[in-house]
Amino acid sequence: MIKWSNKTIKAFQETLLAWYDQNKRDLPWRQDQDPYHVWVSEIMLQQTQVETVIPYYLRFMNEFPTIEDLAAAPEDKLMKAWEGLGYYSRARNLQKAAQQIVFDYQGQWPTTAKELQELSGIGPYTAGAIASIAFGQPVAAVDGNAFRVFARLLEIDDDVAKPHTRQVFEKIINPIVPKNRPGDFNQAIMDLGASYMTATNYDTSQSPVKDFNQSYLDGIEDHYPVKTKKKRPVRHDYFGVVIHSKAGYLFEKRPSHGILANFWMFPLFDRKNLTDDQPVTESTLIDIIETRLQTDYQLSVALHPVSTPTVVHTFTHQQWKIKLLEGQIAENIDLSYFPGKWIHSSEFDQMTFSKVQSKMWSAYQKTLKSTQSIDESAVDQKTNR
DNA sequence: CACTCGTGGTT
DNA sequence: TAACCAAGAGT
């Protein structure tokens with residue numbers, strides 16, 4: 001790792017900001033420095049690409065123009081606005097923080113990074129981003145871009161996958177952030193990291209700060225940033241059960257903690273929870289599910305496999321393979337024993353579906369074709385984006 | 001500190 | 001295809 005003199009720091013700041021002034025991206029949340037705008041965009045941008053966020057941001061600001069609107073929003077409208085963005089606890093924390101600011105702080109935003117971190121969903125990066133962009137505080141905003149850019153510029157060898165490394169980078173970057181334009185500086189680093197200094201296919205030879213890029217000058221740019229590998233996703237095999245009746249489709253609410261918390265989905269049965277790890281035929285497994293529906297929930301239903309390919313969905317740490325089963329219940333639709341409810345497909349529009357639920361519904365619909373279901377006769381429109 | 005939490009895109 | 005990446009935070 002190398003260290004810059006004060007003179008080099010000054011030259012770097014000027015070069016970077018001059019480039020930024022000419023080449024900064026025109027993004028919807030860069031219209032002004034309103035903390036609400038900066039904050040919502042930063043939360044949406046966590047682990048999410050800019051192009052994905054833009055339409056969500058525009059719709060969100062249309063739906064919830066002020067922090068008061070967000071604080072008062074009903075949960076279903078909030079989740080609907082977030083549908084498809086993923087990491088849904090971001091939306092819940094966003095509203096929690098809005099309520100903290102509106103009700104606990106009387107609408108008065110804290111302005112330092114340290115205070116901002118007290119709010120739900122605001123960690124060290126987002127606190128630095130809001131403090132610098134909206135409030136002009138001279139602090140670093142260390143995200144993946146900053147890790148990558150400064151690791152290459154200064155040949156920093158610390159493993160950026162380790163939590164402790166954040167403090168190392170903050171200590172290095174903070175003295176480089178200019179006191180007069182901290183927000184522009186941090187955003188310039190991000191624009192740099194999204195253009196000439198991307199993770200792969202980067203082109204440093206055209207970079208405005210290539211002369212400051214030690215690893216480039218040394219021809220060892222591909223060594224940086226140092227990052228240890230992630231683990232493979234864990235595999236899960238499920239049966240997804242599509243049961244319909246005159247009352248609609250049977251949905252189950254997921255637990256309030258864990259992946260896709262509180263989402264309504266077609267009931268899932270984990271394949272390996274059905275038997276004691278003994279090899280059995282698929283028809284036996286279907287029998288076991290039918291028995292369980294009968295004994296646990298008093299639902300009498302004959303299930304049969306659906307003629308579409310297995311639904312596959314990969315999360316960051318899990319991969320689900322879902323074999324769809326279908327069945328109808330014509331009578332005895334009492335759900336007093338089942339932790340769920342019947343929902344007509346005409347109501348799907350107003351619900352928030354996870355991507356994997358959309359995939360199941362989409363796959364199931366393809367099997368309907370000419371088949372006449374009790375609930376509906378035609379295919380309807382809940383498509384995956 | 002290691003692990004968890006979604007989705008879409010690229011290689 | 002599997003692996004990795006994209007403006008991270010909570011537990």
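Every number here is computed from the coordinates shown, using simple stated rules; none is lab data. Fair warning: this is a prediction, and the values are worked out from it, not measured in the lab. A quick note on method: Cβ atoms are made from the backbone with ideal geometry, for glycine too, and the neighbour counts reach across all protein chains shown.
Two decimals is fine: what is log10 I(q)/I(0) at q = 0.09, 0.11, 0.12 Å⁻¹ for chain A, from a Debye sum with one equal scatterer on every Cα and no solvent? Computed log10 I(q)/I(0) values: -0.68, -0.90, -0.99.
FRET efficiency for the pair A:Asp21 and A:Ala72, taken as 1/(1 + (r/R0)^6) with r the Cβ-Cβ distance and R0 = 30 Å, rounds to 0.20. Toward the positive end of the charge dipole of chain A, with +1 on the Cβ of Lys and Arg and -1 on the Cβ of Asp and Glu, the farthest Cα among A:Leu192, A:Ala81, A:Gly107 is that of A:Leu192. Return, ordered by residue number, the residues of the stretch A:1-29 whose backbone nitrogen is under 13 Å from a label point located 7 Å along Cα→Cβ of A:Asp157. Once the point is set 7 Å along Cα→Cβ of A:Asp157, A:1-2 turn out to lie under 13 Å by backbone N, inside the stretch A:1-29.
With axes computed from alpha carbons, what is the tilt in degrees of helix A:355-368 against the longest principal axis of chain A, rounded to the nearest 10 within 0 to 90? That helix lies at roughly 40 degrees to the long axis.
Nothing charged except the Cβ atoms of Lys and Arg (+1) and of Asp and Glu (-1): what's the magnitude of the dipole of the stretch A:217-288 about its Cα centre? Round to the nearest 20 debye. Intermediate results must be reported in sequence, preceding the final value.
Details: 11 positive and 10 negative charges, 51 e Å.
Charge dipole of the stretch A:217-288: 240 debye, to the nearest 20.
Each principal axis of the Cα atoms in the stretch A:275-332 has its own extent, and those three values, largest first, are 40, 27, 20 angstrom. The value given for the stretch A:1-72 is a Kirkwood hydrodynamic radius of 14.7 Å, derived from the mean inverse Cα-Cα separation.
So for the stretch A:234-368, averaging the separation of alpha carbon pairs under 8 Å that are six or more residues apart and normalising by length, what relative contact order in percent results?
On the way: 216 pairs, mean separation 47.8, N = 135.
Reported as a whole number, the value is 35 percent.
Give the aspartates and glutamates reachable from A:Lys77 as a straight Cα distance under 13 Å; neighbours fewer than 8 places away on the same chain don't count. Cross-link targets: A:Glu63, A:Asp69, A:Asp349. Modelled spin-label separation between A:Thr275 and A:Thr48, with each label point placed 7 Å from Cα along the Cα-to-Cβ direction: 4.1 nm. Near A:Ile130, once Lys and Arg are set to +1 and Asp and Glu to -1 for all other residues with Cβ below 13 Å from its Cβ, the sum equals -4.
Taking the Cα centre of the stretch A:1-155 as the origin and placing charges on Cβ (Lys, Arg +1; Asp, Glu -1), which of A:Val53, A:Ala141, A:Leu94 is farthest toward the positive end of the dipole? Of A:Val53, A:Ala141, A:Leu94, it is A:Ala141. Bridgeable lysines around A:Lys179 (alpha carbons under 27 Å apart, same-chain partners fewer than 8 residues away excluded): A:Lys3, A:Lys7, A:Lys10, A:Lys24, A:Lys114, A:Lys171, A:Lys210.
Take the alpha-carbon positions of the stretch A:6-223, form their convex hull, and give its projected area averaged over all directions (one quarter of the hull surface) in nm². Before the final figure, lay out each step's value.
Working: hull surface 47.6 nm².
Dividing the Cα hull surface by four gives the mean projection, 11.9 nm².
Note on the stretch A:121-220: along the principal axes its Cα atoms extend 37, 28, 22 Å, ordered by decreasing extent. Dividing the summed helix terms, -39500 (n - 2.57) for each DSSP H run of n ≥ 4, by the number of residues in chain A produces a 222 nm estimate of -11500 deg cm²/dmol to the nearest 500. Just to confirm the number: angle between the C-alpha axis of helix A:89-99 and the first principal axis of chain A, 0 to 90 degrees, nearest 10? Approximately 70 degrees, to the nearest 10.
Take the alpha carbon gyration tensor of the stretch A:77-161, find the square roots of its eigenvalues, order them as a ≥ b ≥ c, and report rounded if a/c is under 1.5; if not, report prolate when a/b exceeds b/c, else oblate.
Working: a/c = 3.02, a/b = 1.48, b/c = 2.03.
Note, shape of the stretch A:77-161 comes out oblate.
Express the relative contact order of the stretch A:6-223 as a whole percentage, based on alpha carbon pairs under 8 Å and six or more residues apart in sequence. The value is 21 percent. Its alpha carbons considered, the stretch A:234-368 gives a radius of gyration followed by a Dmax of 14.3, 42 Å.
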